[in-house]
């Protein structure tokens, strides 16, 4: 079993708490992304799991084994770094074979060759085995780094932003390949990224971090449709979430853009409405003015301003919308895509059910 369990794991650097009492379970065979901005605690979590740093409190288990006191080489993990860390003086074959060559006792040459060729075939880099890292592309180097991890047949793969050095189109292709690789291997993978699109595409579940604390741990659809708090709602998505202050009364939420009918239960006191751009659409009327028009490929983002100066961003189809800056328009909201939060930012209700 390759289940990874964090129990109350804390890491501090002087007065700064990098990770605060983390409780997290990555089930055997899962692909879990650790997602968050810089300094959120995601890389600290990975490094603690890898044994590259020591926890100040708590325990880390891989399967039934407490690995908290063990050095990296005794944890049965393999790590793929952001810069791939390939040996430039070794061929692709030798780079992949290196963990086996360094193993004690060392496998015989025939076994090493068989395992390297099998991994290279799985990754589609068999024709490159005689080349050196400088003679292959960035995407191919990334595959070699993966192969070097795979050849060890570890219990857990740790991937630290392995796609960040690739160009945008190659990153998308490599996401597909990583997903297919995971489906083929069924290995446990813990993946660090600050790119929420990567996390949403690849993951079985996503752990969202901020300021050293786990904010939410759930499947991608739940992270997006049922964010636990305002931070998650705002961090996950192509664009920032719109937040509107107001009160929920008689089945409607009063805002600067008018009363929005909401099938939410009665909630006392002030609340905030979270509105993603796709939950806002243009409607007949002249209540708001278009102050900014941003074309982003297949999407058109329109910033709309209410009479009191409050602004909200709507997503539209550029092939259908003729709205231009300066135009006046009405606004409609999709109640199934709205969220309510309390004044502390904790989610109270989601239109998605």
For the range 15-60, which residues satisfy the criterion of being assigned to a loop (DSSP other than H, G, I, E, B), under 15 Å from the mean Cα position of the chain (by Cα) and over 16 Å from residue 77 (Cβ atoms)? 36, 37, 38, 39, 40, 41
Would you mind telling me which numbered condition in (1) under 11 Å from the mean Cα position of the chain (by Cα); (2) in contact (Cβ under 8 Å) with a residue 60 or more places away in the chain; (3) surrounded by fewer than 20 Cβ atoms within 10 Å (Cβ to Cβ) residue 220 fails? (2)
Residue selected from the range 82-116 under the condition in a helix (DSSP H, G or I) and over 33 Å from the mean Cα position of the chain (by Cα), by the criterion surrounded by the most Cβ atoms within 10 Å (Cβ to Cβ): 112
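Could you identify the single residue in 323, 283 that is out of contact with any helix residue (DSSP H, G or I) (no Cβ under 7 Å at 6 or more places or on another chain), farther than 20 Å from residue 352 by Cα and in a strand (DSSP E or B)?
Values: 323 fails: in a strand (DSSP E or B).
After applying the criteria, what remains is 283.
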Checking residue 253 against (1) more than 19 Å from residue 335 (Cα to Cα); (2) modelled with pLDDT under 95; (3) buried (at least 20 other Cβ atoms within 10 Å of the Cβ), which test does it fail? (1)
Matching entry among 247, 239 (being within 27 Å of residue 342 (Cβ to Cβ) and assigned to a loop (DSSP other than H, G, I, E, B)): 239
Mind listing just one residue for me: the one in the range 178-197 that is in a helix (DSSP H, G or I) and out of contact with any helix residue (DSSP H, G or I) (no Cβ under 8 Å at 6 or more places or on another chain) and, of those, surrounded by the most Cβ atoms within 10 Å (Cβ to Cβ)? 197
Within the range 124-145, which residues are over 18 Å from residue 170 (Cβ atoms), loosely packed, with under 14 Cβ neighbours inside 10 Å and without any contact (Cβ under 8 Å) to a residue 24 or more places away in the chain? 127
Failed criterion for residue 153 (all others in (1) under 18 Å from residue 99 (Cα atoms); (2) in a helix (DSSP H, G or I); (3) out of contact with any strand residue (DSSP E or B) (no Cβ under 7 Å at 6 or more places or on another chain) hold): (2)
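The values are calculated or read from the model by the stated rules, or taken from the named source; none is laboratory data. Note that this is a predicted model, so its numbers are computed, not measured. Don't worry about glycine lacking a Cβ; one is built from the backbone with ideal geometry, like all the others, and counts go over all protein chains shown.
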